[in-house]
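**Q** Handing you this structure, nothing more for now.
The values are calculated or read from the model by the stated rules, or taken from the named source; none is laboratory data. Only a predicted model underlies this, so the values are computations on that prediction, with no experimental measurement involved. Note that we place each Cβ from the backbone using ideal geometry, even for glycine, and neighbour counts take in every protein chain shown.
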Amino acid sequence: MAKHIVAAVDEIPPGGRKIVTVRGREIGVFNIDGAFHALINRCPHQGAVLCTGDIVSRLEAPLPGEYRLTRPGTMIRCPWHCWEFDIATGQSWCEPDDVKARSYSVAVEPGERLAKGPFVAETVVVSVEHDYVVVEV
């Protein structure tokens, strides 16, 4: 799988998202408390643009009429039919055994590591001042 720089770390603040296109695929990149996650921007239920939906908490109901909100800001709600997916895994909350949004591996890598390569040529001094969010597709 190839690595693609999609953003500088500070472009996606905690609780934020950025939708990018990588090799013809729209991908939503999310920052959940400093951890980055990526999902395909297509709901597996009926094809809506998933990553533009509301970012919500997980709703748990241990008994009828009793519920609690947990894991704030870790679920994405599809804007068409309100299906919810775990941002970190893509797992559906509506049909957890059968439906999953495609997720991608995400890493934060120092810019200087990305600037180095296997070839040697005439060099010019370059400084890298930011870390970048990298999606592996």
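**Q** Strands (runs of 3 or more DSSP E) wholly in the stretch 1-118 with at least 3 residues that are buried (at least 18 other Cβ atoms within 10 Å of the Cβ) and not charged (D, E, K, R) - which ones?
**A** 25-32, 35-40, 66-77, 103-110
**Q** Looking at the stretch 85-95, is at least one residue closer than 22 Å to Ala8 by Cα, within 13 Å of the chain's Cα centre (by Cα) and polar (S, T, N, Q)?
**A** Checking the stretch 85-95: not a single residue is closer than 22 Å to Ala8 by Cα, within 13 Å of the chain's Cα centre (by Cα) and polar (S, T, N, Q).
**Q** While we're here: Sort out which residues of the stretch 38-55 are at pLDDT below 95 and either in contact with a strand residue (DSSP E or B) (Cβ under 7 Å, 6 or more places away or on another chain) or on the phi > 0 side of the Ramachandran plot (or both), and write them in order of number.
**A** Pro44, Gly47
**Q** Looking at Ala61, Ala107, Ala2, can you tell me which residue is of a type in the set (A, V, I, L, M, F, W, C) and under 14 Å from the mean Cα position of the chain (by Cα)?
**A** Testing whether each residue is of a type in the set (A, V, I, L, M, F, W, C) and under 14 Å from the mean Cα position of the chain (by Cα) leaves just Ala107.
**Q** How many of the residues making up the stretch 1-60 are of a type in the set (Lys, Arg) and out of contact with any helix residue (DSSP H, G or I) (no Cβ under 9 Å at 6 or more places or on another chain)?
**A** So the count comes out to 3.
**Q** Another one. Within the stretch 86-103, identify whether any single residue is hydrophobic (A, V, I, L, M, F, W, C), within 17 Å of Ala7 (Cβ to Cβ) and modelled with pLDDT of 95 or more, and answer yes or no.
**A** yes
**Q** Further question on the same structure: Are any residues in the stretch 119-137 charged (D, E, K, R) and either exposed (fewer than 12 other Cβ atoms within 10 Å of the Cβ) or modelled with pLDDT under 65 (or both), and if so, which ones?
**A** Correct list: Glu122, Glu129.
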